[in-house]
Amino acid sequence: MSSPTPKPRSRRALDHSLLVLGAGALATGLSILTLAPGISAASSHREAPLIAGDPRADNTDLYAFTSPDRSGTVTLVANWIPFEEPNGGPNFYQFADDARYNIKIDNTGDGNADLTYSWRFRTLTRDASGQFLYNTGQVTSLNDPDLNIRQVYDLTVTTSRGTSTILRGAPVAPSHVGKASMPNYADLRAQAVRNVPRGGKAFAGQAEDPFFADLRVFDLLYGGNLSERGKDTLAGYNVNSVALQIPKKDLALRGNSTRNPVIGIWSTTERRGVQVTDSRSSSHTGWKQVSRLGNPLVNEVVVPLKYKDAFNTLNPSQDRTVQPVVDKVLDPILPKLIQKVYGVPAPKAPRNDLAEIYLTGICKACGPIKADLNAHRLNKDASLGKIVPAEELRLNMAVPPTAKPNRLGVIGGDLAGFPNGRRLADDVIDISLQAVEGAAQTGKIVPALAAGDKVDANEVPFGARFPYLALPHSKSVNSGPSGTQKSAMNPSHAVALGTAGAALLGLGGLRMRRRRATS
């Protein structure tokens, strides 16, 4: 990558832009916190207090990377509904019909979306009055009559020129009920991958949760006992995913990914009918953003509890106006906790290296990391006066895919990995721990935390072709304290119940076949 030519901004100028609006911004941030559920529950990412009431709007992870097998395209993946137990019937997992799911692209650096890809879902039920089953027999295709409940979606893109429909009535890959119901789920997944105009691809459906981590880190950093790390808390669970593969020229500023390779990405969920319950006592009947995600772990470990729900309602262009959030980027809580629990000295504030990673992108003129990587300032046609600090997942599309990716991404010397975009296999827990301890600035791994959470890879491999996500699990993850599945059911009762279930399925399938024969 070539070095940028614009005049560097001073650190004082950057700090001033971060602190703009001062006390007035704080008042704005606090007023945003008064958003509360109306008819539909307000929501946010799982780390924020309001998420428990609305998992369908819970935006869990976002990924953006140059497609390894189609280097002229970028693949975007966003996930919702955390901790989907595979055996979660009888209703299983569906996207919300009354929500709008978005992936947004900022190619100018002003913190506003220049392209918005939106998914709207519709649930179709074949027999709602005579069945309770998700499927009434074996499902061999997405339009199989034995798939009693199915979803379709419309996919649109919005630009400054307006909104156009990319796909209409496209099928969603269903929840993986199990091998008896869906003996060839890989074929169902393949049927849900659709071509889109201009050489892209789209997918929506259930997938294995690609995030891997030992989330006992939130138990006071493993309780001060690093020997207890290494269990992938997400192993065995699924999520609902949307994925989109788009030519780079369609995402780049002025359609030129060579001159303007940097884009910022975030995903959101919007719902209708969210009320404002402060002194104004007004309501919003239109769409209201209730969840937002750019870089991983920002709202989890950077934003204080008091502002988590507010952060989920903000557009990135507003981030610099909420002073308490900016303060926690420049002086984060996590390094101090690490110092308290493990005695690893916290780097001195202000953390301008973290502001560079999360708010401005990385470039020689941006901060102390001194590398040209993924700041919007690297776009030759960008208007420097309009670029603002904003929390976005930034990707330099000019960086080619790595033949042998390093799980530590940029910190491990692999410029195609996080925080330059995010690949499915990037170990964001270990990368983030190193980053908050200053490794991005020094270029050296912090030895005391070199092992991270000791979960270095996903429990199953990812795919080699779009949508790259692993197929969803169908085995239960429920187990007793010993880690093995328990059952108190009498074996004879289990056999009887299994026989009755098989008979029920058989009658349901026979009913549907008779209906097809007489229709």
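The values are calculated or read from the model by the stated rules, or taken from the named source; none is laboratory data. Because the structure is predicted, anything quoted here is derived from the model rather than measured. Don't worry about glycine lacking a Cβ; one is built from the backbone with ideal geometry, like all the others, and counts go over all protein chains shown. With ligands, DNA and RNA removed, areas are computed over all heavy atoms of the protein, side chains included. Shrake-Rupley method; radii C 1.70, N 1.55, O 1.52, S 1.80 Å.
Things worth noting here:
- Residue in segment 129-141 that is under 19 Å from residue 194 (Cα atoms), touching a residue at least 12 places away in the same chain (Cβ under 8 Å) and aromatic (Phe, Trp, Tyr) present: no
- Selected residue [in contact (Cβ under 8 Å) with a residue 24 or more places away in the chain and either part of a loop (DSSP other than H, G, I, E, B) or more than 21 Å from the chain's Cα centre (by Cα) (or both)] from 410, 399: 399
- Tally of residues being surrounded by 15 or more Cβ atoms within 10 Å (Cβ to Cβ), within 20 Å of the chain's Cα centre (by Cα) and hydrophobic (A, V, I, L, M, F, W, C) across segment 436-476: 6
- In the set (1) of a type outside the set (Phe, Trp, Tyr); (2) modelled with pLDDT of 95 or more; (3) within 25 Å of residue 119 (Cβ to Cβ), residue 259 fails one condition alone, (3).
- Residue list for segment 295-336, filter: free of Cβ contacts under 8 Å to residues at least 60 places away in the same chain and not β-branched (Val, Ile, Thr): 304, 327, 328, 331, 336
- There is no residue in segment 330-353 that is open to solvent by less than 60 Å² (accessible area, probe 1.4 Å), touching a Cys at 6+ places or on another chain (Cβ under 7 Å) and of a type outside the set (Lys, Arg).
- Among the residues of segment 86-132, those identified as open to solvent by less than 30 Å² (accessible area, probe 1.4 Å) and either among the small types (Gly, Ala, Ser) or in a loop (DSSP other than H, G, I, E, B) (or both) are 86, 88, 94, 95, 96, 99, 107, 109, 111, 118, 127.
- Members of segment 179-198 found to be surrounded by 14 or more Cβ atoms within 10 Å (Cβ to Cβ) and in contact with a helix residue (DSSP H, G or I) (Cβ under 9 Å, 6 or more places away or on another chain), listed by number: 181, 182
- Among residues of segment 369-393, those that are assigned to a loop (DSSP other than H, G, I, E, B), of a type outside the set (A, V, I, L, M, F, W, C) and touching a residue at least 40 places away in the same chain (Cβ under 8 Å), counted: 9
- Filtered by the rule that a residue be of a type in the set (Ser, Thr, Tyr), open to solvent by less than 10 Å² (accessible area, probe 1.4 Å) and in a strand (DSSP E or B), segment 55-72 gives a lone residue, 63.
- Residue match in segment 163-175 (condition: free of Cβ contacts under 8 Å to residues at least 12 places away in the same chain, basic (Lys, Arg) and either within 25 Å of residue 286 (Cα to Cα) or open to solvent by 30 Å² or more (accessible area, probe 1.4 Å) (or both)): no
- Flag for residue 236 being on the phi > 0 side of the Ramachandran plot and over 21 Å from the mean Cα position of the chain (by Cα): no
For every residue, the table says whether it meets (1) under 30 Å from residue 108 (Cβ atoms); (2) polar (S, T, N, Q).
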| residue | (1), (2) |
| --- | --- |
| 167 | yes, no |
| 177 | no, no |
| 181 | no, yes |
| 196 | yes, no |
| 226 | no, no |
| 229 | no, no |
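- The residues in segment 189-231 that are modelled with pLDDT of 90 or more, of a type outside the set (Gly, Ala, Ser) and within 23 Å of the chain's Cα centre (by Cα) can be counted, and the count is 15.
- Scanning segment 199-215 turns up at least one residue that is of a type in the set (Lys, Arg), touching a residue at least 40 places away in the same chain (Cβ under 8 Å), surrounded by 19 or more Cβ atoms within 10 Å (Cβ to Cβ) and assigned to a strand (DSSP E or B).
- Per this entry, residue 150 is not counted among residues that are surrounded by fewer than 20 Cβ atoms within 10 Å (Cβ to Cβ), touching a strand residue (DSSP E or B) at 6+ places or on another chain (Cβ under 7 Å) and charged (D, E, K, R).
- Set side by side, the residues 375, 365, 371 differ, and just one is open to solvent by less than 10 Å² (accessible area, probe 1.4 Å) and out of contact with any Phe, Trp or Tyr (no Cβ under 8 Å at 6 or more places or on another chain), which is 375.
- Residue match in segment 232-253 (condition: closer than 24 Å to residue 317 by Cα, modelled with pLDDT of 95 or more, assigned to a loop (DSSP other than H, G, I, E, B) and not charged (D, E, K, R)): yes
- Applying the set (1) farther than 23 Å from residue 326 by Cα; (2) at pLDDT 95 or above to residue 443 leaves exactly one unmet item: (2).
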